[in-house]
Amino acid sequence: MLKIMELRHHTIKFIRDWMNAQGFWEIETPMLMKSTPEGARDYLVPSRVHPGEFYALPQSPQQLKQLLMVAGIDRYFQIARCMRDEDLRADRQPEFTQLDVEMSFVEQEDVLQTIEDLMTALVPAVTPHKRIRSPFPRMTYHESVERYGSDKPDLRYGLELVNVGDLVKDSQFNVFTAALTKGGKVQTIRLPGCASYTRKQIDELQEVAKIGGAKGMAWMAIEANGTVRSPIAKFFTPEQLQALQSAADADPGDLLVFVADKPAVVAASLDKVRREMGKRLKLVDKDEIVFGWVVDFPMFEWNEESQSWDAMHHPFCMVNPEDVEKLLHNDLEGVRAASYDLVANGYELASGSIRIHDREIQQRIFDRLPYSPEEIQQRFGHMLDAFEYGAPPHGGIAPGVDRLIMILADTDNIRDVIAFPKTQKAEDVMMNAPSAIDDVLLNDVHLSINKSIKSSKE
Ligand code: ASP
C-alpha cells in the first residue's frame, strides 16, 4: 500500500506540473453546493442556518467549471473530490477523485489531444515498465458496442463479436430466428483453439454469459478435420455452417459461441464472455496499457423505470449538429451528443463533452428531460442566466484519478489505491462511520430521526 500511495503522489504531482505547463489554472470549487445531475443520488448536508434546507455534496464540479468558462477563465483544472451515493462495485467508491478539466474556445479534437498527450507523457514518467500504444484508436459508441459488446472495451486483444443475423435468419434453429423476428440480434465470438472444450467448460462459459442476461449460449466446435461438433448443427445446412465459419474467420480447432436476444442482452453477455476469455487465454500483458477513445455517444437513453428519457452523460452536452433536426422533432432515439469517453484496459477512464453554450439549445434539452419548468428554473436557472452573458464555446473532460492509479498499480480493486477507503457497504469501519449522532446535534440542524429506524450498528 505504501508503494501505491507513493505512485499516487507522483502521478498527481506529474499531472499538476503538466497542466500548469499547458497554461491551465487550478481552481477549487465548493463542496457545499447544489445538486448537479450526474445520474447518481446526492449526499446531503442539512443546513443549521436555514431550517429544513440542505446542501448537496458535488457529484462533480460540472456546472461550476462551465461557469468559470463564462467568467473568462481560459483553461481550468482541479484534482476534484466527487461524491455519489450509488451502489458500489470493485471500481467504484462513494467518494472519488477526478482530474476535472474545462477549456474555452475549443473543439472536441483539442480536448482529446490534450488528454492523449497528458497520458502519453504520464505513463512512462511514473511507470517506466509500462508500454502504451500511440495514437489512441478511436471508434464511435455504436461501433464499440457492435464490435466488443461494450462502450468500455478492453482493446488489448481482439476476440471481436461478429453479427451473423443475416446468415442464420433462414435456418431451422428457432432460438435464433425467434430472436431476430422480435427485433433482436445474433452474434458470435470465435474462441481460438477452444474446440476441445469439454461440456463442463462450455457450461461454465454459459454461466458467464448468463451474468449479462442471456438465457443460454449456443456453441459450435470446429474439429481438427473441419467437421462441426454441436448440438445445434442439425438445424443448419452445410452451406450455412460454412458461411458462419467464414464470417467468424474460424479455423479447425476453434470454438464459436453464440448469443441471440435483444441487442443490449447480446452485447452485455458476449462482453462478459469476451472479458473472461481474454483472461483465460492469457491475451493480456499486464505491463501494457491500451487506451482508446469512444466518441459520438447517444445524447439520451430511455429509462424503463421512470418511462422517460434521461441524458446519457449529462444534460450539458452539445448535440451533434447533424442531429438537431431530430431533436426539434422530438425523435430522441438517434440523437448523438458531442461526448466522448477515454477507455483503458476495459475501464471507463474519463468522460467528457463539448458543452452547450447557447441558452436556447440548453433550454430545449431540459425540456426533453423529465423536469417541470419550475424545476428547470430552480435547479439550472443560474446556468441559463449565465449563458445570457455570451458564453464562449467550451468543452472538457474528467479522467478518474483512482481508476488511473488502479491501472498503473495493476490492481482491480479501487480500495487498494485510496487512503482510508470505504467498504462495499459504504462504511469506514475504522472510524465507525456513518454513525448515529447526538440529539443536540440533530436539533441544531432541525432534524429528528424516525423512531422506527434502527441503526445498522445496534
Ligand atoms: N462531469 C463529468 C463527469 O463527472 C465529466 C465532464 O463531462 O467533464 O463525468
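The values are calculated or read from the model by the stated rules, or taken from the named source; none is laboratory data. Just so you know, these numbers come straight off a predicted model, no measurement behind them. Heads up, the Cβs are rebuilt from the backbone with ideal geometry, glycines too, and the neighbour counts pull from every protein chain shown. Protein only, heavy atoms only, side chains kept; ligands, DNA and RNA dropped before computing areas. Shrake-Rupley method; radii C 1.70, N 1.55, O 1.52, S 1.80 Å.
Side notes on the structure shown:
Yes/no per residue for (1) open to solvent by 10 Å² or more (accessible area, probe 1.4 Å); (2) over 30 Å from residue 259 (Cβ atoms); (3) without any contact (Cβ under 8 Å) to a residue 60 or more places away in the chain:
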{"position": "291", "(1), (2), (3)": "no, no, no"}
{"position": "320", "(1), (2), (3)": "yes, yes, yes"}
{"position": "330", "(1), (2), (3)": "yes, yes, yes"}
{"position": "347", "(1), (2), (3)": "yes, no, no"}
{"position": "363", "(1), (2), (3)": "yes, yes, yes"}
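- The stretch 301-326 - residue that is in a strand (DSSP E or B) and within 16 Å of the ligand (Cβ to nearest atom) and, of those, nearest to residue 124 (Cα to Cα): 317
- Considering residues of the stretch 327-345 that are touching a Phe, Trp or Tyr at 6+ places or on another chain (Cβ under 9 Å), assigned to a loop (DSSP other than H, G, I, E, B) and not hydrophobic (A, V, I, L, M, F, W, C) only, the residue farthest from residue 405 (Cα to Cα): 333
- Checked against the criterion of being within 22 Å of residue 242 (Cα to Cα), of a type in the set (Ser, Thr, Tyr) and surrounded by fewer than 21 Cβ atoms within 10 Å (Cβ to Cβ), the candidates 177, 188, 198 yield just one match: 177.
- When the criteria are applied in full, residue 59 fails the requirement of being over 26 Å from residue 427 (Cα atoms), among the polar types (S, T, N, Q) and within 12 Å of the ligand (Cβ to nearest atom).
- Matching residues, the stretch 327-350, being among the charged types (D, E, K, R) and away from the ligand (no atom under 11 Å from the Cβ): 331, 333, 336
- Comparison of 85, 17, 42 shows that the only residue that is open to solvent by 60 Å² or more (accessible area, probe 1.4 Å) and of a type in the set (Asp, Glu) is 17.
- Criterion violated by residue 375 - all others in (1) within 16 Å of the ligand (Cβ to nearest atom); (2) over 24 Å from residue 69 (Cβ atoms) satisfied: (1)
- Cβ-Cβ distances below 9 Å connect the following pairs, each with a first residue in the stretch 210-230 that is farther than 16 Å from residue 246 by Cα, a second residue that is hydroxyl-bearing (Ser, Thr, Tyr), and a separation of six or more residues or different chains: 210/269; 211/269; 212/269; 213/269; 214/269; 217/269; 218/188; 218/230.
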